[in-house]
Number of protein chains: 2
Amino acid sequence: MTVHPDHYLIAAPVARLIEEFARLPGIGPKTASRLTFYLLRAEPKQAQALAQAILDVKAQVGYCRRCFNITVDELCPICRDPSRDQTKICVVEEPLDVLAIERTGAYRGLYHVLHGHIAPLEGIYREDLKIDELIARVRSEPVNEVILATNPNTEGEATAFLLLRDLAPLGVRVTRPARGLPTGGDLEWADPETLGSALEGRREL
Amino acid sequence: MTVHPDHYLIAAPVARLIEEFARLPGIGPKTASRLTFYLLRAEPKQAQALAQAILDVKAQVGYCRRCFNITVDELCPICRDPSRDQTKICVVEEPLDVLAIERTGAYRGLYHVLHGHIAPLEGIYREDLKIDELIARVRSEPVNEVILATNPNTEGEATAFLLLRDLAPLGVRVTRPARGLPTGGDLEWADPETLGSALEGRREL
C-alpha cells in the first residue's frame, strides 16, 4: 500500500475537524484528534452547542466603541458604569488583561484596549493598534492619568515608550504599574531583571 | 460592587463559548478562555470553518455496520478492501486504536471496535460494548484468529478475559499482543510489572 494509512482511513470530515482544531493556539495534532474523536462519541447536542457558541460569539460580540473592550452592546459594561472613575484610563494590550485587572478589585477607573503591541518584526505597527483612538479620548475626556499596563516584556515596554511620547505633550500624568518581586515568591529564585527592578523601586517603610 | 467581576464583564456569548470549550476533555477554564478570545480576534472565516467542521462530523460520520470503525459510508475502507486478510479480526477499544495499529504496517487483517471497555464502577457493562456483534461475526465470517488488542491496563485486561470466555467455545484462535519492554526504552527505568511481563514472555534467540 503506497497511500499513507491516515489518509486512507480517516474520513474527510474527521480529517477536516482535526485540522481546524489544530489551527487553534496551543492545540497540537494529537490534542486535535483527541478532541475530534471525543466529539464523534459525544451527544449530538453537545457538538451542536459548541458549534452554535462559536457562531454566536462571532455574530453577537463586538468591541466597545469607546474603549475597544469586548461587548455585546455599543458600550461595554465598564464604560456604561457612571460609578467608575472617569479621570483614569488604564491602557492594556488585550481584553483578557481587563479581566485580570478587574479581578484584583484594585482599580475603579476606565480602560483602553490596544488590541496588541508594537512588533515591527511581526508586521504590527502603530496604526494597527487603537492608539489614535486613545489620544482622541485623552483630548476629549476629563482624563488626568493614563496607566500604561502593557505587558512587562520587550514589546510591551516598547509600546509603552511610544505611547509616553504621544501622551507627554497632552499634559496628562502617565504611569506604569510597579515592577518587583511577585507576592508569595522567593527572593532566591527571582530572575536578576525582576530583582533589579524590585531594588530600584524600593519604598520607605 | 457585589457582583463577581467576571459575570459583570464577560458578555453572555463569550461566557457560553468558554463553558462549551471547558467541557471538552483536557481543556481547563484557562485554556477555554484563551481559545475563546483567540476566536474573537480570528477571521470570521476560521470560526465558521471550525463550527461547520463540528456539525459536519456529527452529520456525516457514522460507524461501519460490520466492524464499528468510523466511516462516512456503510462500510469502512478496511472492510471494503478485499486485499485485507479476512481470517483475522483485531479487537480494539476505540477507533483511534485502529489508526495506531494501521500506522505500524504490521497488520493486514480486519478490525472490530468495541467502543469502550468493561467498567462496572463507571456503569459500562457487557451490553454497552459491541461484543454480541463480534461473536456474530466470528460465527458467520471465515475467521480463524481473534487478536484481543484492548489496552494493557486493568479494564482492558478484564474486557479481554471476558471476550476469551465468549470466544473459546467457538473454536477460534484467541491471541493478545505481547507485553514487554518498549523499543528504545531503558531496562533500568521499566516498571516492575512491565519488566516482569518481558521476562515471562522471553523468546529463544
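Computed from Cα positions, the angle between helix B:95-104 and the longest principal axis of chain B comes to roughly 60 degrees. At a Cα cut-off below 25 Å, give the lysines reachable from B:Lys58, other chains included and same-chain residues fewer than 8 away excluded. Here the lysines satisfying the reach criterion relative to B:Lys58 are A:Lys30, A:Lys45, A:Lys58, B:Lys45, B:Lys130. Beta bridges from DSSP with both residues in segment B:73-173: antiparallel share about 10 percent, rounded to the nearest 5.
Please give the average number of partner chain Cβ atoms lying within 10 Å of the Cβ of each residue in A:100-113, rounded to a whole number. Display every interim value, and only then the final one.
On the way: counts 0, 1, 7, 4, 1, 2, 0, 0, 1, 0, 0, 0, 0, 0.
Average per residue, whole number: 1.
Karplus-based coupling profile of segment A:54-61, in residue order and whole Hz: 5, 5, 5, 4, 6, 7, 9, 9, with θ = phi - 60° in 6.51 cos²θ - 1.76 cosθ + 1.60 and x standing for Gly or Pro.
For A:Val174, the residues whose amide H sits under 5 Å from its own are A:Val146, ignoring neighbours fewer than 5 places away on the same chain, with H placed 1.01 Å from N. In nm to one decimal, list the spacings between the A:Ala178 label point and its equivalents in the other copies, with label points set 7 Å along Cα to Cβ, shortest first. Nearest to farthest, the other copies are at 6.5 nm. Shortest first, A:Ile135 label-point distances to identical copies amount to 8.0 nm, with the label point at 7 Å from Cα along Cα→Cβ. The protection proxy used here, the mean number of other Cβ atoms lying within 10 Å of each residue, ranks peptides B:59-70, B:19-30, A:93-104 as follows, highest first: B:59-70, A:93-104, B:19-30. Under the classification rounded if a/c is under 1.5, otherwise prolate if a/b is larger than b/c and oblate if not, where does segment B:68-118 fall, given a ≥ b ≥ c as square roots of the Cα gyration tensor eigenvalues? Because a/c hits 1.5 or more and a/b fails to exceed b/c, segment B:68-118 counts as oblate.
Quick check: from the Cα gyration tensor, does chain B come out rounded (a/c under 1.5), prolate or oblate? Taking the square roots of the gyration eigenvalues as a ≥ b ≥ c, chain B is prolate. Chain B versus the axis that turns it onto chain A: the residue with the nearest Cβ and the distance in whole Å amount to B:Ala51, 2. Net charge of the neighbourhood of B:Gln52, taken over other residues with C-beta under 13 Å away and scored Lys/Arg +1, Asp/Glu -1, is +1.
Please report, in debye to the nearest 20, how large the charge dipole of the protein assembly as shown is about its Cα centre when each Lys and Arg carries +1 at its beta carbon and each Asp and Glu carries -1 there. Intermediate values should be presented prior to the final figure.
Working: 48 positive and 58 negative charges, 153 e Å.
With only Lys, Arg, Asp and Glu charged at Cβ, the dipole is about 740 debye.
Quick check: the angle from helix A:29-41's long axis to the longest principal axis of chain A, C-alpha only, nearest 10 degrees? Here the helix axis deviates by roughly 60 degrees. Phi-derived couplings, Karplus 6.51 cos²θ - 1.76 cosθ + 1.60 at θ = phi - 60°, listed residue by residue for segment B:112-122: 8, 9, 6, 6, x, 9, 5, 7, x, 5, 8 Hz, with x used for Gly and Pro. Relative to the longest principal axis of the Cα atoms of chain A, the long axis of helix A:154-167 lies at roughly 40 degrees. Please report, as a whole percent, how much of the solvent-accessible surface of the protein assembly as shown comes from carbon and sulfur atoms (probe radius 1.4 Å). Here carbon and sulfur together make up 55 percent of the probe-accessible area.
Classified by the C-alpha gyration tensor, the protein assembly as shown has a prolate form. Its axis ratio a/c, with a ≥ b ≥ c, is 1.5 or above, and a/b is larger than b/c. In the full protein context, segment B:1-130 carries 48 Å² of accessible surface per residue, based on a 1.4 Å probe and ignoring ligands, DNA and RNA.
Starting from the label point of B:Pro152 at 7 Å along Cα→Cβ, the same points in the other copies fall at 4.8 nm, in ascending order.
The values are calculated or read from the model by the stated rules, or taken from the named source; none is laboratory data. Quantities reported herein were computed from a predicted structural model and do not represent experimental measurements. Heads up, the Cβs are rebuilt from the backbone with ideal geometry, glycines too, and the neighbour counts pull from every protein chain shown. In case anyone asks, the SASA skips ligands and DNA or RNA and just uses the protein heavy atoms, side chains included. Shrake-Rupley method; radii C 1.70, N 1.55, O 1.52, S 1.80 Å.
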